[in-house]
Amino acid sequence: MAAVSVRDLDESVRERLRVRAAQHGRSMEAEIRAILTEAVTPPTDSSGLAQTLLARFGDLGGVELDLPPRTEAPRAADLAG
């Protein structure tokens, strides 16, 4: 297994790493390993946002909206002003 040293790490970055590690219940070293592993792992699902949302929330069903009838003809946007 390789060992990596990081020199001149800003103190605020170290502190944020410490807090993040504590939030995840890990040591700072384990947190850094998790961050690096996630950063270099290629995505496994390329279905896109719409498919991901549908898979997660599709069982909830949709919402039907009562749209009022249009009373005026559509007009072009005024981009001059």
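Here's the yes/no breakdown for (1) under 30 Å from M1 (Cα atoms); (2) at pLDDT below 85; (3) within 22 Å of the chain's Cα centre (by Cα):
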position: R14; (1), (2), (3): yes, no, no
position: L49; (1), (2), (3): no, no, yes
position: L67; (1), (2), (3): no, no, no
position: R70; (1), (2), (3): no, no, no
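Of the residues in the range 58-75, at least one is surrounded by 10 or more Cβ atoms within 10 Å (Cβ to Cβ) and not in a loop (DSSP other than H, G, I, E, B).
Within the range 6-46, the set of residues being loosely packed, with under 10 Cβ neighbours inside 10 Å and among the hydroxyl-bearing types (S, T, Y) comprises S12, T37, T41, T44, S46.
The values are calculated or read from the model by the stated rules, or taken from the named source; none is laboratory data. Bear in mind that the values here come from a model prediction, so they are computed numbers and not experimental data. Positions of Cβ are generated from backbone atoms using ideal geometry, with glycine treated the same way; all protein chains shown enter the neighbour counts.
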